[in-house]
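Okay, so here's the structure we're looking at.
The values are calculated or read from the model by the stated rules, or taken from the named source; none is laboratory data. Everything quoted here is computed from the prediction, not taken from an experiment. Note that each Cβ is placed from the backbone with ideal geometry, even for glycine, and that neighbours are counted across all protein chains shown. Only protein heavy atoms, including side chains, enter the accessible area calculation; ligands, DNA and RNA are left aside. Shrake-Rupley method; radii C 1.70, N 1.55, O 1.52, S 1.80 Å.
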Amino acid sequence: SVREAVAAGMRRAVAAGARRPVLALRPLRPPATAAAAAFAPADAWRRSELVALLAALEALYVPLEVRESFPERLPRLRALGVWDCGVGAALPALLRDAVALERGRALARDIGGADPERMAPPRLARHVRDAFAAGAVRVSVLEGPELRARYPLLAAVARAADPVPRHRSCVIFLDYEPESYEETVMLVGKGVTYDTGGADVKTGGAMAGMSRDKCGAAAVAGFVKACELVRARVRVRAALGVVRNSVGAEGYVADELLRSRGGLPVRVGNTDAEGRLVMADLLHEMRELAEAAAPAPAHLYTVATLTGHAVRAAGEGYGVALDGHAARARRHAEKLRAAGDALAEPLEVSRLRREDLAAHRGRAPGDALLQAAPAPSVRLPRGHQGPAAFLLLAAGLLDADVPYTHLDVAGSAGSFPAPPTAAPLLVLAAAHGLITSC
């Protein structure tokens with residue numbers, strides 16, 4: 001409610017021609033009635049001032065395509081003022097956090113919201129390099145034969161697009177290492193710049209809006225940017241799998257038997273379930289790195305606009321968090337949900353179960369894993385839990401004591417033509433100590 005009210009007010013001010021709008025910021029009190037408190041407990045209000053600041057900045061964001069193609073449409077803003085109505089000494093830190101988080105979200109929105117040619121893989125990689133050119137984050141890009149040898153599942157998805165130079169796939173690595181830190185976070189982001197469905201082509205108008213299938217990778221890039229700006233005391237290693245899932249003679253097809261980075265034979269069931277293949281080998285490599293770094297704690301994430309089923313299950317505006325066994329022991333998804341409630345970026349918690357693992361075990365002779373059933377996720381029981389189970393199995397995490405959480409943000413990243421949201425950037429920021437002002 002706070003976020004929506006502030007954003008609506010700021011948009012109204014801009015539409016009225018305001019050049020120096022002012023946000024009156026005051027601490028909010030938790031609900032007085034027991035019934036209201038059941039939905040919004042007192043702890044959920046402790047970051048309401050930050051939520052208000054972020055909402056104001058979000059309302060002032062102008063999409064990259066407008067900035068580049070229609071600069072005459074830019075609002076003639078000169079400044080955003082903040083009137084302190086009781087925040088007091090905490091205000092400078094609140095402003096610092098809000099600006100850093102919004103700059104990270106703006107990078108994520110630019111990447112996630114741009115059309116599939118503006119952010120085709122090589123141009124997306126160039127955009128990321130430019131965004132981190134002057135900072136503390138090391139950026140490297142892998143492409144060509146080395147990519148195909150290192151990540152064979154991702155390479156299979158890219159086969160139809162790779163013959164077109166401007167659509168050629170790549171993996172972008174981001175590495176942020178402060179002088180001192182107490183935890184390590186490793187993230188894999190799905191960056192499918194356009195998803196046609198491949199040989200199992202999307203029909204009935206379902207292809208429109210698929211330029212947003214890169215929003216997982218976009219949010220990961222934005223999170224790393226926020227870490228850099230606040231000088232977070234957390235080590236971050238991120239891999240963005242940037243691929244176009246095209247239709248063509250070179251494309252991979254259902255029934256094809258692929259071999260994963262870990263040597264497992266994987267049977268393809270549906271080429272429109274490409275996201276899990278894009279991330280699986282990257283996650284396998286992250287698991288190896290996490291185990292090699294022991295005993296320093298590391299938490300692994302996959303972040304993706306992965307399934308329509310997640311939208312059906314949780315609804316528009318809500319992401320879904322699923323813990324592997326090691327993360328579930330730490331009740332990590334519940335912590336993420338609480339962080340999302342406090343920052344107006346809600347998450348629902350789902351659980352992996354044995355049926356989800358069984359659904360992705362190999363069935364034909366010679367198979368170890370089945371990538372997907374030959375049907376859209378919305379027509380499958382447990383259609384968003386199963387892909388997380390596949391990732392767990394393909395990455396060798398089932399028998400590893402490495403905490404892993406899968407974040408399906410298909411419902412929360414922002415569906416075209418609505419603006420992208422950069423979710424789950426705020427949840428990750430709160431969970432890993434980037435916010436110190438409240």
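Brief remarks follow.
- The helices (runs of 4 or more DSSP H) falling completely within the range 60-155 that include 2 or more residues that are in contact (Cβ under 8 Å) with a residue 40 or more places away in the chain, charged (D, E, K, R) and open to solvent by less than 70 Å² (accessible area, probe 1.4 Å) map to 91-113.
- Residue pairs whose Cβ atoms lie under 8 Å apart, separated by 6 or more positions or on different chains, with the first residue in the range 305-325 and open to solvent by 10 Å² or more (accessible area, probe 1.4 Å) and among the β-branched types (Val, Ile, Thr) and the second modelled with pLDDT of 95 or more and part of a strand (DSSP E or B), are Thr305/Lys190; Thr305/Asp408.
- From the list Asp341, Asp255, the lone residue that is charged (D, E, K, R) and assigned to a helix (DSSP H, G or I) is Asp341.
- Residues of the range 344-379 that turn out to be in a loop (DSSP other than H, G, I, E, B), buried (at least 17 other Cβ atoms within 10 Å of the Cβ) and in contact with a strand residue (DSSP E or B) (Cβ under 7 Å, 6 or more places away or on another chain), as a count: 4
- For the range 21-39, the set of residues classified as open to solvent by 70 Å² or more (accessible area, probe 1.4 Å) and at pLDDT 95 or above consists of Val22 only.
- Options Ala98, Ala125, Ala161, Ala120; residue that is more than 20 Å from the chain's Cα centre (by Cα), at negative phi and small (Gly, Ala, Ser): Ala161
- Counted residues, the range 402-438 - those being among the polar types (S, T, N, Q), farther than 18 Å from Gly317 by Cβ and either crowded, with 24+ Cβ neighbours inside 10 Å or at pLDDT 95 or above (or both): 1
- Entry remark, the range 258-275: residues being open to solvent by less than 50 Å² (accessible area, probe 1.4 Å) and assigned to a loop (DSSP other than H, G, I, E, B) number 9 in total.
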